[in-house]
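Data first, discussion second: the structure below is written as structure tokens.
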Amino acid sequence: MSIAERTFIVFLGPPGSGKGTQTRMLETTFGLPQVSTGDLFRYNLKHETDLGKLAKRYMDAGELVPDEVTIRMVEERLKQPDCGGGAILDGFPRNLQQATALDAILADEGGLDLVPMLEVSDEEVIQRLSGRRVCRTCGHLYHTEFSPPQQSGVCDLDGGELYQRDDDTLDTIQRRLYVYYKQTSPLIGYYFAKGLLVELDGSMPPDEVQTLLLQAFRDRGINPVA
Ligand code: AMP
Ligand code: ZN
């Protein structure tokens, strides 16, 4: 596959809009890795790297990690062999500086192919995030009320322990929403102007959102791996 054929997708939407769930579902269908900056930071945090230590105080406060380190981290990640066919970006870019940096990184690849935007209300974001639980081993997402595991605190898929993210507390959720409106939402207009934006109702059940997404991909000539 030539470099020009690489496919890059960016997911927009507030925290808790389902970006993580949807990008994970798409990973296998399209053979493209999910690149989640939040997951990359959490990985660094867990392994107590310098980057993890730096990121922690921003993450705990619900603020953005500085652009310079974030952009460098993404640039390095996209050079990994598994991104040979492209990637599905989740949680990046989160402001205009990051968006223009991504354009520069992808300049030789023909730029982005599609930007799905998942819309959900603030009330739903708060409800979803405050009940969210994550598997420590595989990262699978649950909700204490809407999609509980069969056994409380245990992952259905691999028996891993479920935990609540430090930043899924009410105060931090509200701060993250504020940061989203202030810094990330201008990207909606940015990508709309480029003809890349597809807005979807993120309040629907995950399977239905996925069906609409697959249609949007097909409409753009982005096809599942055989
Ligand atoms: P997420 O898992 O996408 O909700 O991200 C969790 C936290 O990681 C955010 O609240 C930020 O502190 C940090 N983070 C993730 N992605 C970015 C980004 N693109 N730029 C800056 N900070 C980020
Ligand atoms: Zn698991």
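The values are calculated or read from the model by the stated rules, or taken from the named source; none is laboratory data. Since the model is a prediction, treat every value here as computed from it, not as a measurement. For neighbour counting, all protein chains shown are included, and Cβ atoms are generated from backbone atoms with ideal geometry for every residue, glycine included. Accessible surface areas use protein heavy atoms only, side chains included; no ligands, DNA or RNA. Shrake-Rupley method; radii C 1.70, N 1.55, O 1.52, S 1.80 Å.
Couple of notes before you dig in:
- Residues that are of a type in the set (D, E, K, R) and either touching a Cys at 6+ places or on another chain (Cβ under 7 Å) or more than 13 Å from ligand 1 (Cβ to nearest atom) (or both), drawn from segment 122-170: Asp122, Glu123, Glu124, Arg133, Arg136, Glu145, Asp156, Asp158, Glu161
- Candidates are the residues of segment 56-87 that are among the small types (Gly, Ala, Ser) and within 21 Å of Tyr181 (Cα to Cα); the one that is most open to solvent (accessible area, probe 1.4 Å) is Ala61.
- Some residue of segment 95-112 being away from ligand 1 (no atom under 16 Å from the Cβ) and surrounded by 16 or more Cβ atoms within 10 Å (Cβ to Cβ): yes
- Residue check for Arg77: within 16 Å of ligand 1 (Cβ to nearest atom) and within 15 Å of the chain's Cα centre (by Cα): yes
- Within segment 66-87, none of the residues are within 16 Å of ligand 2 (Cβ to nearest atom) and part of a helix (DSSP H, G or I).
- Filtered residues of segment 125-177 (kept if among the hydroxyl-bearing types (Ser, Thr, Tyr) and either part of a loop (DSSP other than H, G, I, E, B) or within 21 Å of Arg42 (Cα to Cα) (or both)): Ser130, Thr137, Tyr142, Thr144, Ser152, Tyr163, Thr169, Thr172
- Positions within segment 201-218 being open to solvent by 30 Å² or more (accessible area, probe 1.4 Å), at pLDDT 95 or above and not in a helix (DSSP H, G or I), in sequence order: Asp201, Ser203, Met204
- Single unsatisfied condition, Leu129 versus (1) under 23 Å from Leu32 (Cα atoms); (2) at pLDDT 95 or above; (3) open to solvent by less than 40 Å² (accessible area, probe 1.4 Å): (1)
- Filtered residue count, segment 111-124, keeping only those that are part of a strand (DSSP E or B) and charged (D, E, K, R): 1
- Residue within segment 185-200 that is more than 16 Å from the chain's Cα centre (by Cα), open to solvent by less than 30 Å² (accessible area, probe 1.4 Å), more than 17 Å from Glu124 (Cβ to Cβ) and not acidic (Asp, Glu) present: yes
- Residue tally, condition under 16 Å from the mean Cα position of the chain (by Cα) and loosely packed, with under 12 Cβ neighbours inside 10 Å, over segment 157-180: 0
- Residue list for segment 23-41, filter: touching a Gly at 6+ places or on another chain (Cβ under 8 Å), within 11 Å of ligand 1 (Cβ to nearest atom) and either open to solvent by 50 Å² or more (accessible area, probe 1.4 Å) or of a type in the set (A, V, I, L, M) (or both): Asp39
- Candidates Asp60, Asp113, Asp50: the one that is more than 16 Å from ligand 2 (Cβ to nearest atom), out of contact with any Lys or Arg (no Cβ under 9 Å at 6 or more places or on another chain) and more than 15 Å from Arg165 (Cβ to Cβ) is Asp50.
- Residues in segment 175-218 that are farther than 28 Å from Thr100 by Cβ and free of Cβ contacts under 8 Å to residues at least 60 places away in the same chain: Met204, Pro205, Asp207, Glu208, Thr211, Leu212, Gln215, Arg218.
- Pairs with Cβ under 7 Å, 6+ apart, first in segment 32-54 and in a loop (DSSP other than H, G, I, E, B), second open to solvent by 50 Å² or more (accessible area, probe 1.4 Å): Pro33/Glu27; Pro33/Asp82
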